[in-house]
Amino acid sequence: MQRNLIVTKDGSHSVAIPEWEVSYHSVYGAIQESLHVFIESGLKYWFEQHSAASRCVIFEMGFGTGLNALLSLLEAKRLQRKVMYETIEAFPLEEAITQKLNYCEALAQGFWQPVFESLHSGEWNKAQEITNFFSFKKIKSLLANYTPSEPINIIYYDAFAPAAQPELWTKEVFERMLGMLAPDGILVTYCSKGDVRRALLAAGFHVEKIPGPPGKREMIRASKKANVQI
């Protein structure tokens, strides 16, 4: 499978797979998309709803470029709140690509470049204490073979689009996701397609459509909680 480094509209990198006609992040801006969908609408939102929480457990579906993990690390430091981050990846990116990713430079956070590189080069299937506020574990696995270490507070559902991987956007998959969540858990995803929303609802989620990142009108935040606007 060919994977090519590309530059998105906000100047940050993504990776394109020509064979599938998909990229790992929005071509309108990789950093902008991840900040909006996963940090603002996911991690920051959850901590705002749980001001007394001592820690937050995140599961990311697809480690990919590592951008979502990096941004979560930076947000945990900014908030001074503990984040336990677990992610799976069945097909890791080649080192020749990961070493060129420009996220720390684009964020004016060059200090974190060695840490970012360590997320990619570090040992698989082993928890790492990256900072006082961020622990990280990446697991080389398909979703079907994954079992979380503990109940999840936030799922970053960042699989490739349904057109490329329809098997990852089904009612059955979302039933598994619902079962992984703690009672206060949420799932956030960039995808707001009607089929995805209906699959989430059929799985038992409460679903809300909220404003999307640049280039996308809407995104989805789904919850176990009642009284979420549908």
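Once fully extended, how much extra length lies between Ile17 and Arg198, figured as 0.36 nm per residue of separation less the alpha-carbon to alpha-carbon distance?
Working: separation 181, 0.36 × 181 = 65.16 nm, distance 2.75 nm.
Answer, rounded to one decimal: 62.4 nm.
Taking amide H positions as placed in the peptide plane 1.01 Å from N, state which residues far from Cys56 in sequence (5 or more) or on other chains have amide H under 5 Å from it.
Hits under the 5 Å cutoff: Lys82, Val83, Met84.
Whole-Hz Karplus ³J(HN,Hα) for segment 13-22, in order, using 6.51 cos²θ - 1.76 cosθ + 1.60 and θ = phi - 60°, x for Gly and Pro?
Per-residue couplings from phi come out as 7, 9, 10, 9, 10, x, 4, 9, 6, 9 Hz.
Residues of segment 141-165 with amide nitrogen under 16 Å from the 7 Å Cα-to-Cβ point of Asn125?
Hits in segment 141-165 for Asn125 at 16 Å: 141-149.
Report the dimensions of segment 141-230 along its three principal axes from the alpha-carbon atoms, largest first, rounded to Å.
Its Cα atoms span 35, 33, 23 Å along the three principal axes.
Report Rg/Rh for segment 174-214, rounded to two decimals, where Rg is the Cα radius of gyration and Rh the Kirkwood radius. If you can, show how the numbers build up before the last one.
Working: Rg = 10.6 Å, Rh = 11.0 Å.
On the Cα set of segment 174-214, Rg over Rh gives 0.96.
For Lys82, give me every one of the lysines with a C-alpha distance below 17 angstrom, ignoring sequence neighbours fewer than eight places off in its own chain.
Those lysines meeting the cut-off are Lys44, Lys137.
In Å³ and rounded to a whole number, note down the convex hull volume per residue for the Cα atoms of the chain. Numbers along the way, then the final one.
Working: hull volume 26.6 nm³, N = 230.
That works out to 116 Å³ per residue.
Out of the DSSP beta bridges found with both residues in the chain, what percent are antiparallel (nearest 5)?
Details: 19 of 40 bridges.
Beta bridges within the chain, antiparallel portion: roughly 50 percent.
Please list 3J(HN,Hα) in residue order for segment 73-90, calculated via the Karplus relation 6.51 cos²θ - 1.76 cosθ + 1.60 where θ = phi - 60°; whole Hz, with x for glycine and proline.
4, 5, 5, 4, 5, 4, 7, 6, 10, 7, 10, 9, 10, 10, 9, 10, 7, 8
Return the distance in nm (one decimal) between the two label points of a simple spin-label model at Glu117 and Ala52, each offset 7 Å from Cα along Cα→Cβ.
Placing both labels 7 Å beyond Cα along the Cβ direction yields 4.5 nm.
No value in this document is a laboratory result; all are computed from the given coordinates. What you see is a predicted model, and the numbers here were worked out from it, not measured in a lab. With ideal geometry, Cβ positions are generated from the backbone for all residues, glycine too; neighbour counts draw on all protein chains shown.
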